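I have placed the structure first, in the form of structure tokens, so that the comments after it can refer back to it.
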Amino acid sequence: MALEPRASTDGGVRVYRRCLYCNNGDPDVQLLHNLNVYSPDLPWDDLFQESLKDFMGNKMKVVTASVDLPYLDYQRVSETPGTAIVLTDSTDARLIHTFAHKLNFTFDVHEDVNRTWGVETNGTFTGNIGLLQREQMEFSTVSIPTAKRLKAVDYLIAYSADSLSITSLKPSLLPKYLALIRPLEGKLWVMLLVTVVIWGVTLWLLQRAWQWVTGGRPVALNATILYAWGALLQNLPSQPSATFSGRMLVGWWLVFCLIVTTGFTSSLVAHLTVQGRSRPLETFQDLVNQPGWTWGTPQWVLSEAVVDYFIKHPNPAVNEVYHKMEVGCGCIPNYTHIMTSGNLRI
């Protein structure tokens with residue numbers, strides 16, 4: 001707002017506002033009001049409006065880095081880096097043409113010289129973000145917002161972002177020949193085997209102590225272990241322990257066997273009725289826990305902001321996924337299991 005010098009008895013006021021593109025696309029000022037300062041109906045509402053609804057045909061400089069279907073597609077006029085390109089039908093192309101029509105501006109689109117979005121070094125960016133940071137370009141096409149980029153440029157959210165996802169083979173049927181051991185986990189089978197051995201040794205020691213005190217026929221170690229295993233298989237030997245302490249031990253072992261066999265039998269019936277399937281992958285932790293798996297992604301996905309995500313993520317599983325990632329040529333690699341992202345915005 002500027003006041004034109006006038007005589008003290010006049011009281012006239014001229015009010016101007018900034019106009020960035022009204023002088024054939026160049027900055028200028030516009031006269032808003034030529035009024036008397038003592039007027040009771042001073043239009044204050046018109047004095048502080050800064051909305052840009054008309055760019056007066058100004059030519060905007062737009063920068064892009066790479067084709068990113070379906071969001072952006074274009075054709076190069078020349079293979080020389082940094083030259084102008086022609087937008088073809090895509091989401092960003094439609095948005096830019098709509099903005100240009102509504103806001104009255106024209107535009108030229110150029111490809112970044114290095115065809116990159118840009119990384120930060122000591123506060124300075126390369127690529128697209130660097131051109132915006134140095135005000136060499138007005139705006140850019142699709143780009144991923146990161147914490148460091150948000151300090152240098154502003155973002156306009158025009159559509160929802162893609163997410164990084166895991167793709168693999170569909171869950172397959174588990175083999176039928178493993179149905180007998182599937183009701184119990186591997187750790188539980190090992191614990192059960194160790195328990196059988198410990199219980200058999202304990203019973204054998206009790207029988208040896210009784211035989212040393214009272215005499216009689218000794219009991220072999222393999223017999224006590226087979227006794228414990230036979231109880232689990234519901235095939236008890238005909239003669240239990242002759243000692244009172246041994247009989248107490250056998251009694252509690254039979255209760256334990258009843259619980260284990262009941263749980264195993266009911267679970268086995270369920271597994272035989274409905275055949276199980278392998279578990280699908282839902283998280284990166286599931287991926288790294290799979291023994292013998294390999295995974296990969298196209299080269300164009302694994303760059304710049306995506307690399308920062310994997311390297312700087314606080315979850316060790318995400319870091320491990322990156323360090324074991326196999327990079328393909330851009331087509332679907334010949335891996336048994338593949339981690340890719342579809343149309344991931346970088």
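The values are calculated or read from the model by the stated rules, or taken from the named source; none is laboratory data. What you see is a predicted model; the values in this text were computed from it and never measured. Cβ: placed from backbone, ideal geometry, glycine included. Neighbour counts: every protein chain shown. Side chains are part of the model used for accessible areas, which takes the heavy atoms of the whole protein and leaves out ligands, DNA and RNA. Shrake-Rupley method; radii C 1.70, N 1.55, O 1.52, S 1.80 Å.
General remarks:
- Solvent-accessible area per residue for the stretch 66-138 (1.4 angstrom probe, square angstrom): 57 Å²
- 5 angstrom amide H check on Leu32, placed H, neighbours 5+ away: Val15, Tyr16, Arg17
- Distance between the pseudo-spin-label points of Val327 and Ala100 (7 Å out from Cα toward the beta carbon): 3.4 nm.
- Sequence-distant lysines (8 or more away, or on other chains) whose Cα lies within less than 25 Å of Lys102: Lys53, Lys59, Lys61
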